[in-house]
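The values are calculated or read from the model by the stated rules, or taken from the named source; none is laboratory data. Just so it is clear, the model here is predicted, and its values are computed rather than measured. Here the Cβ positions follow ideal geometry from the backbone for every residue, glycine too, while neighbour counts run over all protein chains shown.
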Amino acid sequence: MIIDVHTHAMSYPDHLSDEFVHQADIARGYHINLSVDFDTYMKDMEGVDKCIVFGMKAYHTGFDVPNSWIAAFAARAPEKLIPFMSLDATDPDFMDDFEYSWKDLKLRGVKMAPMYANFDPTDPHLDELYRRTSKLGLPILFHTGTTFCQFAPLKYTRPALWDDIAIRYPDQIMILAHLGHPFENEAIVTARKHPNVYLDLSALYYRPWQLFNSLMLAQEYGVMNKILFGTDYPFTNAEDTILGLNGLNHMVEGTNLPRISQVLLEEIIYRDSLPLLNLS
């Protein structure tokens with residue numbers, strides 16, 4: 001079974017600002033189509049058994065995907081798609097948005113991007129959300145790690161911030177996305193400490209040397225079992241991600257450098273993440 005815990009759905013220009021798209025093009029060096037068509041999405045996900053799908057709300061950097069839009073997107077393939085709401089904690093009504101998305105739209109988890117939205121994830125004004133999601137058993141997937149986006153502050157993306165949240169809310173199931181790159185060491189030691197903190201490795205295979213070292217560190221710390229498969233679609237896809245993971249050890253052939261266990265790599269690719277995230 002392959003579970004992709006990190007896929008986006010959105011439409012440009014309805015949900016994204018021109019400035020964000022422009023900066024994404026600069027980062028890649030070419031234009032990337034960030035509009036997600038349902039039929040194309042399903043075709044690209046043919047090799048994946050289940051997908052978590054979400055939009056993004058981060059008004060500071062030009063994201064505004066309505067949770068109702070995500071609910072309708074996922075309702076077209078309910079056997080495969082697991083919809084998450086997205087919340088921007090700078091919105092005075094974000095808790096109303098949460099209640100509506102949970103009770104009425106029946107969304108099954110939360111996606112938050114503190115760096116993109118420009119808020120501190122440890123701020124006490126989020127305590128009511130964490131109390132609610134912990135009690136309900138709803139997982140939260142947080143963007144951690146850097147971005148190309150000029151106006152997204154790095155101080156709200158360091159994975160060590162979530163150590164504080166996990167201490168205060170030990171029952172809260174959390175995924176720290178992108179292994180917190182390039183602060184993977186913080187993400188790994190945070191996940192090691194806390195039973196309900198997981199990591200995903202989405203959008204990292206195209207930096208193979210960095211990913212090799214990150215997974216080697218995770219292997220040495222004994223937390224490869226806390227790493228979940230994800231792509232960051234449409235920025236990447238499952239096929240290329242799997243090829244990239246399976247090719248990591250090729251870089252060190254003919255050297256005395258250590259290897260990442262192929263068994264552990266395959267466990268990441270085929271891990272059934274749903275029971276871990278209370279989504280079975």
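If I go through the range 29-48 residue by residue, how many of them are surrounded by 11 or more Cβ atoms within 10 Å (Cβ to Cβ) and part of a helix (DSSP H, G or I)? Residues that pass the stated criteria total 5. Looking only at the range 238-280, residues that are free of Cβ contacts under 8 Å to residues at least 24 places away in the same chain, outside any helix (DSSP H, G or I), farther than 27 Å from VAL110 by Cα and not basic (Lys, Arg) come to 5 in all.
Only one entry of ALA166, ALA152 meets the criterion of being modelled with pLDDT under 95 and either of a type in the set (Gly, Ala, Ser) or not in a loop (DSSP other than H, G, I, E, B) (or both), and that entry is ALA152.
With respect to being buried (at least 20 other Cβ atoms within 10 Å of the Cβ), assigned to a helix (DSSP H, G or I), within 18 Å of the chain's Cα centre (by Cα) and not hydrophobic (A, V, I, L, M, F, W, C), THR190 fits the description.
To keep it simple, each residue is scored yes or no on (1) part of a loop (DSSP other than H, G, I, E, B); (2) modelled with pLDDT of 95 or more; (3) of a type in the set (A, V, I, L, M); (4) exposed (fewer than 15 other Cβ atoms within 10 Å of the Cβ).
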site: PHE73; (1), (2), (3), (4): no, yes, no, no
site: GLU79; (1), (2), (3), (4): yes, yes, no, yes
site: ILE82; (1), (2), (3), (4): no, yes, yes, no
site: ASP88; (1), (2), (3), (4): yes, yes, no, no
site: ASP96; (1), (2), (3), (4): no, yes, no, yes
site: GLU99; (1), (2), (3), (4): no, yes, no, yes
site: LYS106; (1), (2), (3), (4): yes, yes, no, yes
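Selection of the range 1-39 for residues being in contact with a His (Cβ under 7 Å, 6 or more places away or on another chain), touching a residue at least 12 places away in the same chain (Cβ under 8 Å) and more than 26 Å from ALA72 (Cβ to Cβ) yields an empty set.
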